[in-house]
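These notes concern the structure reproduced below.
The values are calculated or read from the model by the stated rules, or taken from the named source; none is laboratory data. Quick caveat: nothing in here was measured; it's all calculated off a predicted structure. When we count neighbours, we look across all protein chains shown, and the Cβ atoms used for this are built from the backbone with ideal geometry, even at glycine. Keep in mind that these areas ignore ligands, DNA and RNA; they rest on the heavy atoms of the full protein, side chains included. Shrake-Rupley method; radii C 1.70, N 1.55, O 1.52, S 1.80 Å.
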Amino acid sequence: MASSFIDKAHITVRAGNGGNGVVAFHREKYVAAGGPDGGDGGRGGSVILQVDDNLSTLLDFRYKRKYHAPNGMDGQGARKSGRDGEDLVIKVPRGTLVRDTESNEIIRDMSSGEPYVLCKGGRGGWGNSHFATPTRQVPRFSKGGLPGESHDVVLELKLLADVGLVGFPNVGKSTLLSVVSRAQPKIANYHFTTLSPNLGVVYVGEGRSFVLADIPGIIEGASEGAGLGHDFLRHIDRCRLLIHVVDVSGSEGRDPVEDFDAINAELSQYSADLEKRPQIVAANKTDIMQDPENLERLRSHVEKLGYPLFEISAAAHRGVEQLMNKVSETLSTLPPIAVYEPEYVPRPSVIDYSQPLDIQHLDDGTWVADGPWLQRLMSNVNLNDYESQMYFDRTLRDSGLYQQLEAMGIQDGDTVSLYNFQFEYQR
């Protein structure tokens with residue numbers, strides 16, 4: 001059924017929040033001053049995308065659209081860290097593009113077998129044992145965990161096929177696929193028999209094989225949404241070679257040259273790259289051809305454009321082997337299946353600096369700042385990366401935090417504590 005093939009889905013994913021650090025003190029018989037021993041919170045679970053070759057559609061995402069990884073557990077006494085949240089693995093078919101919903105930019109092309117971390121879990125908060133110093137031996141505060149990342153994304157499946165079969169409905173594409181591979185597409189003598197793409201593996205000889213895709217529903221106006229072509233044209237984006245199947249029998253009263261030009265026009269309107277894609281023309285149904293002039297006019301037309309033409313009858317298995325040999329030979333000269341490069345650049349979160357910060361000056365000289373916008377900033381900064389550190393420092397200056405600290409009397413060399421990060425202040 002057509003409804004079983006889903007190749008586009010909108011989902012919302014959210015990683016788990018980090019667990020909170022805990023305030024605790026060592027209590028043991030005969031130990032008078034055990035000191036702080038609060039443990040750290042666990043890391044929130046991340047959301048990871050993984051290719052599963054047993055999947056062929058995005059049907060699972062039609063019924064479930066929100067995915068949330070578990071949060072990290074809070075810390076405990078005796079310096080016991082909370083358990084990390086379990087990562088949430090989402091399985092997708094090979095060839096799935098992951099796009100940002102807002103900008104439509106490509107985040108990841110899931111064509112390789114490597115997993116991809118779509119949303120990172122939040123870091124766990126520090127327990128009070130981290131804040132003990134020679135002058136502050138009894139810290140009575142800890143830090144909360146940071147929130148995990150979240151994303152609204154579009155999953156878009158683009159089939160990984162070497163060769164795509166294109167042409168008007170009922171020209172024999174499904175028959176050709178069934179003859180050259182073990183695929184068993186629905187075949188009948190009416191238009192739009194095929195309602196979803198079908199894949200088959202064609203074995204030409206020892207060590208020579210390729211994946212062939214039957215793309216349904218391309219008619220005039222397909223690039224603008226007519227018929228089913230707009231839904232499935234995306235599946236020939238990756239094809240290295242196209243077999244353009246044309247009915248030359250005249251059984252439906254159509255002109256093969258006009259059909260050939262109409263399909264090519266739709267391909268070029270959908271994508272400029274498809275217009276330049278190598279093609280081999282298969283003149284099909286020659287066994288029931290009523291007017292041989294149709295074949296000669298088509299041959300003259302396509303050869304002027306530089307396309308080779310093969311006379312075949314898929315139903316009678318005539319000329320099919322020569323066509324597949326030519327396809328295999330051509331593929332050996334073409335580059336591999338295209339993999340899309342990521343376009344997405346994470347945008348800095350919009351921070352409302354008007355929200356006040358809670359700034360405390362502790363007895364040992366440490367300055368502790370806390371506040372909602374500072375928490376959001378910390379959750380989006382990788383402090384192990386130099387550029388992220390520069391962005392972090394620039395944001396703190398722009399926010400007015402340093403001016404507030406200077407007004408309160410901070411001195412060079414004083415320690416500033418921001419959640420799970422401490423640094424020495426320098427003007």
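Let me know the whole percent of all Cα-Cα pairs from the range 233-382 that are separated by more than 20 Å. Before the final figure, lay out the partial values.
On the way: 7277 of 11175 pairs.
When every Cα pair of the range 233-382 is considered, 65 percent fall beyond 20 Å.
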So for the pair Tyr340, Asp358, with labels modelled 7 Å out along Cα→Cβ, what separation do we get in nm? 4.5 nm
Sum up the charges of everything whose Cβ sits under 14 Å from the Cβ of Ala283, counting Lys and Arg as +1 and Asp and Glu as -1, but leave Ala283 out. -2
15 Å cut-off, amide nitrogen to a point 7 angstrom out along Asp261 Cα→Cβ, residues in the range 280-297: 297
Under a 1.4 Å probe, counting only protein heavy atoms, Thr330 has an accessible area in Å², nearest 10, of 30 Å²
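Where the only charges are on Cβ atoms (+1 Lys, Arg; -1 Asp, Glu), what is the dipole of the chain about its Cα centre, to the nearest 20 debye?
1320 debye
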The size of the Cβ-based charge dipole (Lys, Arg +1; Asp, Glu -1) of the range 1-74 about the Cα centre, to the nearest 20 debye, is 320 debye
Select from Ser46, Leu331, Val257 the residue farthest towards the positive end of the dipole of the chain; place +1 on Cβ of Lys and Arg, -1 on Cβ of Asp and Glu, and compute about the Cα centre. Ser46
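Gain in length, Arg427 to Arg394, computed as 0.36 nm per residue apart minus the alpha-carbon separation, to one decimal in nm?
Details: separation 33, 0.36 × 33 = 11.88 nm, distance 1.29 nm.
Full extension of this stretch gives 10.6 nm more.
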Work through the residues other than Arg79 whose Cβ is under 9 Å from its Cβ and net out their charges, Lys, Arg +1 and Asp, Glu -1. -1
So, taking all protein chains as they sit and a 1.4 Å probe, how much accessible area belongs to Glu387, in Å² rounded to tens? 140 Å²
What does the helix-only formula give at 222 nm for the chain: each DSSP H stretch with n ≥ 4 adding -39500 (n - 2.57), the total divided by the residues, and the result rounded to the nearest 500 deg cm²/dmol? -5500 deg cm²/dmol
Run the numbers for Lys304 and Glu252: contour at 0.36 nm per residue of separation, minus the present Cα-Cα distance, in nm. 16.1 nm
Expressed as a whole number of Å, what is the distance separating the alpha-carbon centroids of the range 229-289 and the range 24-64? 53 Å
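If each residue of separation counts as 0.36 nm, what is the full-extension length gain between Val154 and Lys64 once their alpha-carbon separation is subtracted? The partial results should precede the final answer.
Values: separation 90, 0.36 × 90 = 32.40 nm, distance 1.34 nm.
Gain on stretching Val154 to Lys64: 31.1 nm.
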Count the DSSP beta bridges whose two residues both fall in the chain, then state the antiparallel fraction as a percent rounded to the nearest 5. 60 percent
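Starting from the Cα gyration tensor of the range 25-71, take the square roots of the eigenvalues, sort them a ≥ b ≥ c, and report rounded, prolate or oblate (rounded when a/c is under 1.5, otherwise prolate if a/b is larger than b/c, else oblate). Please report the intermediate quantities before stating the final value.
Values: a/c = 6.83, a/b = 4.50, b/c = 1.52.
Taking the square roots of the gyration eigenvalues as a ≥ b ≥ c, the range 25-71 is prolate.
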Placing +1 on each Lys and Arg Cβ and -1 on each Asp and Glu Cβ in the chain, then taking the dipole about the Cα centre, the residue among Val416, Leu295, Gln137 whose Cα reaches farthest towards the positive end is Gln137
Across Ala316, Ala338, Ala407, the residue with the highest GNM fluctuation in the chain (Cα network, 10 Å cutoff) is Ala407
Rolling a 1.4 angstrom probe over the protein chains, ignoring ligands and nucleic acids, what is the accessible area of Glu149 in square angstrom, nearest 10? 70 Å²
Looking at the calculated P(r) for the range 80-181, what percent of the C-alpha pair distances fall above 19 Å? 67 percent
Take the chain, connect every pair of alpha-carbon atoms lying under 10 Å apart with a spring to form a Gaussian network, then pick out the residue of Ala314, Ala78, Ala32 with the largest mean-square fluctuation. Ala32
Candidate cut points under trypsin sites (Lys or Arg not before Pro) in the range 13-45, DSSP loop plus at most 14 other Cβ atoms within 10 Å of their own Cβ, are Arg27, Lys29
Obtain the nm distance between the two label points defined at Glu86 and Ala316 by a simple spin-label model: each point lies 7 Å from its Cα along the Cα-to-C-beta direction. 6.2 nm
As an exercise, use a Förster radius of 35 Å and the Cβ-Cβ distance of Gln290 and Ser209 to find the FRET efficiency, rounded to the nearest 0.05. 0.45
Could you rank Trp373, Trp126 by how accessible they are, 1.4 Å probe, largest area first? Trp126, Trp373
Charge context of Ala314, other residues only, Cβ under 9 angstrom, K/R +1, D/E -1: +3
Quick one: among Ser300, Ser129, Ser354, which has the greatest mean-square fluctuation in a GNM of the chain with alpha-carbon springs under 10 angstrom? Ser354
Which of the lysines could a cross-linker bridge to Lys158, judged by Cα under 28 Å and excluding same-chain residues fewer than eight apart? Lys8, Lys64, Lys66, Lys91, Lys120, Lys173, Lys186, Lys276, Lys326
I need the shape label for the chain. Rule: rounded when a/c is under 1.5, else prolate if a/b > b/c, else oblate, with a, b, c from the alpha carbon gyration tensor. prolate
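Quick check on the range 248-313: take the gyration tensor over C-alpha atoms, sort the square-rooted eigenvalues as a ≥ b ≥ c, and tell me if it's rounded (a/c under 1.5), prolate or oblate. Mind showing how you got there, number by number?
Details: a/c = 2.31, a/b = 1.76, b/c = 1.31.
Prolate, because a/c is 1.5 or more and a/b exceeds b/c.
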Which aspartates and glutamates have a Cα lying under 15 Å from the Cα of Lys143, excluding residues fewer than 8 positions away in the same chain? Asp37, Asp40, Asp74, Asp358, Asp370
Spin-label point model (7 Å from Cα, Cβ direction): what's the Ser332 to Asn384 distance in nm? 4.7 nm
